[in-house]
Amino acid sequence: MTLAQLRTRTRERTDATGSTSYYTDAQVNGALNEGLRFFAFATLSVERTAAFTYTGGEPFVSILTDLPDFIVPLRVRVAASRKRLNPARLDEIAALDPAWLQLYVEQDDEENDIAEPDRYMLLGCDLFGLFPRVNDDLDLAMTYAASPAVLTADGQSPEIEEEHHLDLIDYAIWRLRANEGGDELSAAADYLERFLQAINKVASHVRAKARAGQYDRAPLELELADISKVIRARPPSARKQPAA
Amino acid sequence: MLDLQALVNSLPRSLQAANMSELEFWTETELYQWADEAAGRLAREVGCFVEFEEFPYAAGNAVYDLPERHLSTIWVAAAQFGLTPTTAYELDCLNAQWPNVNLPFADRWLQDGEGVGKIRFYPNPTLDGDASIVFHRTPETIDADNTDLLAPLPVAEFLSWSTLSEARMKESDGAMPEAAKAFGEMAKLWLSIADHYWGEAQ
């Protein structure tokens, strides 16, 4: 489905079509894009492989500066040799060798790298390091979970499986109604529930795929308790009254 | 790079206003403040902003200021050798005269006993050198003059939901406690996911 189709379907369900549209195009597009980005974030279902040049001599580099849509690494290889690097935490590296900052990959007499790093670290969301350190720039092939492209043109389609495009409409309806609060918000809770259940289902598929592909990261299994808290955020008037 | 100006400018539509100037119960400054508070919460609860810095240390001086916006220390090295974290109590047990112990290189670091925002090396180094520190930090204050945030793009959702939650919680005719709760719960759900990707466990 295209952005224009998603927008129309959203409006059909919120009873705000044609010239009487209650929501502007920008509002509906914003809600759809928000849902799309959260869907990709929670499921890690948008995957890309990109060349990433690690600056030689630096203990750490910023990954978001080069790959602004980066969320988490899934697989990191040295581009030339295809050697796969293992993920590690800084405390593991420090335990392995407290002098790791001094430790560079082996070099020949002319100071050309002849060995390659074995491990990589991601500290927080951006700081990326290699162990052992490299003296020269090193090209990596980075497979990573990415944020999808923002939907701006009417003919553009969301960068997720087509079967989940309808889930974006569910989110958009909840999001637009949430601005109004009260019964409008309450009535849209089922749309949010369906959206979050779709996320859980896709995340489960991605986890299975990550295990099979031995990826370094997998999406979180959202606990039902987490989801029910979000859905139960309704006004008191919307709660079921006990039978008389 | 997140464009927070675009993010904040999109929020009036969620607050029943066509643009910033038509906001009735809130101001642009408040929206930026709430976005800034949310970014601080993200830094504190998930620890997703991590930085590496180096600074010189001088022989005979064991106490130094921590970097600006420092939240917590992850790892410290002196002369490119990793130091062991310790406490003043442990050093007291080791040697009551520990503040007077001098050696060419430090092998431990501590943050207690010197007040907030200070780091101390033990033993007191007698040679000059460079120290390295990896630490969690808070982002620079977000306001109308500082609207860039180096963070993954999905952080936009967390900042939007948190800001809208605060706006709808504010005592005014625009208050909507149920909407505040809904946005707040979405922000909490987002944080639990972010913690899995970028938090302590990593």
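Values in this text are rule-based calculations from the coordinates and carry no lab data. For clarity, every value in this text was computed on a predicted model and none was experimentally measured. No Cβ is skipped: glycine too gets one built from the backbone with ideal geometry, and neighbour counts run over all protein chains shown.
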- Message: As an exercise: evaluate B:Ala106 against (1) more than 30 Å from A:Val72 (Cα to Cα); (2) within 12 Å of chain A (Cβ to nearest Cβ) and give the number of the one condition it does not meet.
- Response: (2)
- Residue hits (segment A:54-103; touching a Leu at 6+ places or on another chain (Cβ under 9 Å), more than 18 Å from B:Glu51 (Cα to Cα), facing chain B (nearest Cβ under 9 Å) and part of a loop (DSSP other than H, G, I, E, B)) are A:Asp69, A:Asp97, A:Pro98
- Message: Looking for something over 10 Å from the mean Cα position of the chain (by Cα), within 12 Å of chain B (Cβ to nearest Cβ) and either touching a residue at least 12 places away in the same chain (Cβ under 8 Å) or part of a loop (DSSP other than H, G, I, E, B) (or both) - is there at least one such residue anywhere in segment A:38-51?
- Response: no
- So A:Ile169 fits all but one of (1) farther than 30 Å from B:Pro12 by Cβ; (2) part of a helix (DSSP H, G or I); (3) more than 14 Å from chain B (Cβ to nearest Cβ); what number is the exception? (1)
- Message: Just the residues that are more than 13 Å from B:Ala38 (Cα to Cα) and more than 9 Å from chain A (Cβ to nearest Cβ), please, taken from segment B:143-174.
- Response: B:Ala144, B:Asp145, B:Asn146, B:Thr147, B:Asp148, B:Met169, B:Lys170, B:Glu171, B:Ser172, B:Asp173, B:Gly174
- Message: Taking the conditions exactly as written (charged (D, E, K, R) and either more than 25 Å from the chain's Cα centre (by Cα) or farther than 30 Å from A:Arg7 by Cβ (or both)), does A:Asp167 satisfy them or not?
- Response: no
- Message: Among the residues that make up segment B:109-118, is at least one of them under 30 Å from B:Ala144 (Cβ atoms), touching a His at 6+ places or on another chain (Cβ under 8 Å) and in a loop (DSSP other than H, G, I, E, B)?
- Response: yes
- Does at least one position in segment B:177-188 carry a residue that is of a type in the set (Lys, Arg) and more than 7 Å from every other protein chain (Cβ to nearest Cβ)? yes
- Message: Quick test for you: out of A:Leu166, A:Leu222, pick the one residue that is among the aliphatic types (A, V, I, L, M), closer than 20 Å to A:Val46 by Cβ, surrounded by 20 or more Cβ atoms within 10 Å (Cβ to Cβ) and touching a residue at least 24 places away in the same chain (Cβ under 8 Å).
- Response: A:Leu222
- Scanning segment B:4-57 residue by residue, those assigned to a helix (DSSP H, G or I), small (Gly, Ala, Ser) and surrounded by 14 or more Cβ atoms within 10 Å (Cβ to Cβ) turn out to be B:Ser10, B:Ser14, B:Ala35, B:Ala38, B:Ala39, B:Gly40, B:Ala43
- Given the conditions (1) closer than 25 Å to B:Leu189 by Cβ; (2) within 27 Å of the chain's Cα centre (by Cα), and given that B:Glu54 satisfies all but one, which numbered condition is not satisfied? (1)
- For segment B:98-106, indicate whether the set of residues that are surrounded by 14 or more Cβ atoms within 10 Å (Cβ to Cβ) and either of a type in the set (Lys, Arg) or out of contact with any strand residue (DSSP E or B) (no Cβ under 9 Å at 6 or more places or on another chain) (or both) is non-empty. no
